[in-house]
1. Taking θ = phi - 60°, what integer Hz values does the Karplus form 6.51 cos²θ - 1.76 cosθ + 1.60 yield along segment 33-48, in sequence order, with x for Gly and Pro?
2. Using the Cβ atoms and a cut-off under 15 Å, what net charge is assigned to the surroundings of I34, where Lys and Arg are +1 and Asp and Glu are -1?
3. Relative contact order for the chain using alpha-carbon pairs under 8 Å, separation at least 6, rounded to a whole percent?
4. What are the trypsin sites (Lys or Arg not before Pro) within segment 40-105 that DSSP puts in a loop, where the Cβ has at most 14 other Cβ atoms within 10 Å?
5. Does anyone have the angle between helix 22-32 and the longest principal axis of the chain? Alpha-carbon axes, 0 to 90°, nearest 10?
6. For every helix of n ≥ 4 consecutive DSSP H residues, a contribution of -39,500 (n - 2.57) applies; sum these over the chain, divide by its total residues, and give [θ] at 222 nm rounded to the nearest 500 deg cm²/dmol.
7. How large is the translational diffusion coefficient of segment 5-119 in µm² per second when you combine the Kirkwood radius over alpha carbon pairs with Stokes-Einstein at 10 °C and 1.306 mPa s?
8. Around T52, what is the net charge, scoring Lys/Arg as +1 and Asp/Glu as -1 over all other residues with Cβ under 15 Å from its Cβ?
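Quick note: the coordinates plus some simple rules give every number you see, no bench work behind them. As the structure is a computational prediction, the values presented were derived from the model and not from experiment. Cβ coordinates were reconstructed from backbone atoms using ideal geometry, including for glycine residues, and neighbour counts include every protein chain displayed.
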Amino acid sequence: MNVKIADLMAKRVITAQPHNSVDHVRGVMERNRIHAIPIVGPEGEAAGIVTTADLARKLKGETPVKRIMSDRVFCVPAYNDVSTAARIMRRHKIHHVVVTHEKKVVGIISSFDLLKLVEGHRFTMKNAPQPRRKRAR
């Protein structure tokens with residue numbers, strides 16, 4: 001498979017900052033119909049991620065997202081093969097991986113993006129193994 005993450009990722013990534021409120025982030029996610037938002041630091045680097053699961057907890061709306069964000073955010077360079085993102089998602093049981101270029105957030109790739117690849121049949125199916133035939137002597 002030669003599809004790169006940059007070919008499949010959401011390039012118009014919406015980000016937030018750690019000081020933004022839970023209500024602000026929830027509103028941004030609802031308006032844009034997205035399920036995760038990377039939290040960036042002052043240099044545009046990934047500082048964390050907030051997902052709809054994080055927002056499901058009952059919190060005061062003015063709570064800063066730094067209190068609920070996952071600071072263990074998984075990142076992958078944009079030039080990597082999509083199989084790298086798929087492997088990260090499967091191993092860590094997550095649905096979103098932040099895409100970076102020179103440590104700055106440039107996109108996000110989700111499990112739904114990977115499903116589009118399968119749905120569009122832009123992959124090559126390997127032939128099933130054939131049973132070995134015994135040699136005639």
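1. For segment 33-48, the Karplus-derived couplings read 6, 10, 10, 8, 9, x, 9, 10, x, x, 9, x, 7, 6, 10, x Hz, x marking Gly and Pro.
2. +2
3. On the way: 209 pairs, mean separation 38.1, N = 137.
After rounding, I find 28 percent.
4. R57, K58, K60, R72, K93, K103
5. For 22-32 against the chain, the angle is about 50 degrees.
6. Working: 5 runs with 39 residues, N = 137.
Counting only the DSSP helices, I get -7500 deg cm²/dmol.
7. Numbers: Rh = 14.2 Å.
Diffusion coefficient, whole number: 112 µm²/s.
8. +2
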